[in-house]
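I have placed the structure first, in the form of C-alpha cells, so that the comments after it can refer back to it.
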Amino acid sequence: MYKFKMQEIDKPRSNCAIFGIYNHPEASVMTYYVLHAQQHRGQEGSGICTSEYLPDKAKYRFNIHKGHGIALEVFSDQNILTGILKGNAAIGHNRYSTTGASDSRSNIQPFKVNFKNGFLALSHNGNFTNTKELRESLQDEGTIFQTTTDSEILLHLIARSKEKEMRDKILEACRKVRGAYSIVLLADDKLFAIKDPYAVRPLSMGKLGNSFVFASETSAFDIINAEYIRDLDAGEIVEIDKEVIQSGKEKSYSIAKTSETKHCIFEYVYFSRPDSTIFNNTVDKVRRKLGKNLSIEKPAPIAAVEDKKVIVISVPDSSNTATLGFLTESIKTNPYIKLELALIRSHYIGRTFIQPGQDKREIKVKAKFNTVKSVLKDRIVVIVDDSIVRGTTAKNLVKLVREAGPKEIHLRITSPPITSPCHYGMDFPSKNELIANQCSNDLEKIREYLGADSVEYLSNEKLHDSVPQGVNSAGQKIGYCDACFSGYYPIPIEEIEKTEFDK
Ligand code: SF4
C-alpha cells in the first residue's frame, strides 16, 4: 500500500515553525498550543525542550520530548507536558525536512547538547547555505555529528567558541554561517532569538504578562493571548534573562548590518497565515492586494466581462483572502460577477492517507476537495489560486470542476510561474518537475496540460508592487527574495546535492 502525506498536495512546503518562551510556569503547555497554531508550517515532526532549575542540585536540567507527526499526536499523553516537560522556559519546533533525512527521528528538533558551559537547545527555521564547507571543516577538527541537518552545525560552532559570554559565543557562530535562519536557542538560564542579516524568514517577539515569547508567526501569539511587540530586525540577536524580566526591556545585539533585507516574498503569497503579521505587516492586507493586482493585470477574459454567469471561486483555504481582493477589483468592470463557495475542503483528513487505488493524484485531490455542482453548472468559472508547482493538483482541480458542467474555466494565479528551487528553507520539487519548466514557460502549453480555458499568472513586477516597500525602522531598504520566480539568489549558495545529506 502506498502511503502519502496530504501536505504533499503539490505546494511548496514551509520547513518549520519555531517558538520560544521564557519565565512562564506552564512554558511547555503554552509551547504545545503554539505548535498547534503553527501546524501549517510543519507536520512531519514536533518537539519541545524545557529548561528546569533543580534547587537541591543548584543546576539546570533540560527535558525534551519529540516525535514524528503533528503536535496533537506527539503530545497526546498529557503527562508529557505536565509531568516530564517541567521548567519555566521552553522552545518548540514543527518540522518539515529540507535538509536531513525526513524519516530519521534524530533530525526532529529541538536539538539538545550538553557542553562545558551547560545545556543548549535549538529550534531553527531556514537553511544555511555554506553547510558543506562548515561541516567538512568541523569534521576535520574531530566533530562528530548526531544528525544530518544543517541546524546542528550552529550548536557545534557555539560549543567550540572560546568566548566567555554565551551571547558572544552565539554572535561568533552566527557570523560563520550564511543563509536564511530564524532561531530560538535555549541556554540554562537564558533564551535567545536570532534572525539572519537578510531577515529572510519571519520571527516575532511578544509578551505574555511577565513572560517573553518568540514565534514564526503572530497568529501563534493569539492562541495564548500574548501581545505582539515587533518583528526582530535583520541580523538581530535578542537575549532574555532574569535581568530582562525585571527591567522589562530585552537585550539586543547585531550579527551584521546589511543595507537591504531579503524577506521571502512567498511568505506573503502562501506560507504565512492571513491572520498573522510578518515582517511588521499584516498578511491579509498584502494577500488582498495580490488578488486586486491580479484582477487589474490579468482580469477575467473579455468574453466574460458583464456576463451574468461569471463566478469567482477560491481554492480553500490558502487562496481565500486573495480571491476577495480579486473579486473587489473585478466588480468594478463587471457588477454581476459573484463570489461563490464551490470548492469544499475536507478538514478531517489525517496527516497520512492510505490510498488503495491506481490514480493516486486524482484521489489526493478528491480526498481534499469536493465541488458544489449546482453552483458551477453552466457558469464561467474563474479559479483564483496562489501558486502552481508541479501542476498536478491544478490539473486535477480543473478536472474536478469540469465534471460539474461549467461553460468555461479560467485559472488566475497570484504569483509568477515557479521556475527555480528554494535554497533558503522551503521545500520545492526539483527544477525539472516544475510545470513552468516542463512547458518551457509557454503559457499555452501550461494551459493545455492543465485543461483550463485560460491560465494567467501575476507578473513578477506586480508581485513586488503588492508587497510593502520603503525603509524599515532599522534604516534598511525593504527588499525581497524572489529566487523561485526569478532564479536570482540574493544570498550566495553552495552547490549542495540534497541527496548527499538525505542518506
Ligand atoms: S526562493 Fe526566496 S522567495 Fe522563494 S520560497 Fe525561497 S526564500 Fe521564499
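Points to keep in mind about this one:
- Test: Tyr228 is open to solvent by 40 Å² or more (accessible area, probe 1.4 Å), in a loop (DSSP other than H, G, I, E, B) and touching a strand residue (DSSP E or B) at 6+ places or on another chain (Cβ under 8 Å): no
- For Glu456, the criteria (1) away from the ligand (no atom under 11 Å from the Cβ); (2) in contact with a His (Cβ under 9 Å, 6 or more places away or on another chain); (3) open to solvent by less than 30 Å² (accessible area, probe 1.4 Å) hold in every case but one, which is (3).
- Test result for Val244, under 26 Å from Met426 (Cβ atoms) and among the hydrophobic types (A, V, I, L, M, F, W, C): no
- Gly451 being among the small types (Gly, Ala, Ser), over 20 Å from the mean Cα position of the chain (by Cα), more than 16 Å from the ligand (Cβ to nearest atom) and farther than 25 Å from Lys395 by Cβ: no
- Residue that is least open to solvent (accessible area, probe 1.4 Å) [pool: residues in segment 245-291 that are free of Cβ contacts under 8 Å to residues at least 60 places away in the same chain, assigned to a helix (DSSP H, G or I) and away from the ligand (no atom under 16 Å from the Cβ)]: Asp284
- Pairing each residue of segment 49-72 that is within 15 Å of Ile21 (Cα to Cα) with any residue that is at pLDDT 95 or above and open to solvent by 100 Å² or more (accessible area, probe 1.4 Å), provided the two are 6+ apart or on different chains, yields C-beta distances under 6 Å for Glu52/Arg61.
- Residues being assigned to a loop (DSSP other than H, G, I, E, B) and surrounded by 16 or more Cβ atoms within 10 Å (Cβ to Cβ) - total across segment 317-339: 4
- Qualifying position, being touching a Lys or Arg at 6+ places or on another chain (Cβ under 6 Å) and either crowded, with 24+ Cβ neighbours inside 10 Å or more than 27 Å from Ala37 (Cβ to Cβ) (or both), among Thr129, Thr148, Thr143: Thr129
For every residue, the table says whether it meets (1) more than 16 Å from the ligand (Cβ to nearest atom); (2) under 29 Å from Thr131 (Cβ atoms); (3) modelled with pLDDT under 95; (4) among the basic types (Lys, Arg).
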| residue | (1), (2), (3), (4) |
| --- | --- |
| Leu411 | yes, no, no, no |
| His423 | no, yes, yes, no |
| Gln476 | yes, yes, yes, no |
| Asp482 | no, yes, no, no |
| Ser486 | no, yes, no, no |
| Thr499 | yes, yes, yes, no |
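- Flag if Pro417 is within 11 Å of the ligand (Cβ to nearest atom) and open to solvent by 20 Å² or more (accessible area, probe 1.4 Å): no
- Qualifying residue in segment 193-205 (condition: open to solvent by 10 Å² or more (accessible area, probe 1.4 Å) and among the basic types (Lys, Arg)): no
- Yes/no for Ala436 being open to solvent by less than 10 Å² (accessible area, probe 1.4 Å) and farther than 25 Å from Leu339 by Cβ: yes
The values are calculated or read from the model by the stated rules, or taken from the named source; none is laboratory data. As the structure is a computational prediction, the values presented were derived from the model and not from experiment. In this analysis, Cβ positions are derived from the backbone assuming ideal geometry, glycine residues included, and neighbour counts consider all displayed protein chains. Ligands, DNA and RNA are excluded from the accessible area calculation, which covers all protein heavy atoms including side chains. Shrake-Rupley method; radii C 1.70, N 1.55, O 1.52, S 1.80 Å.
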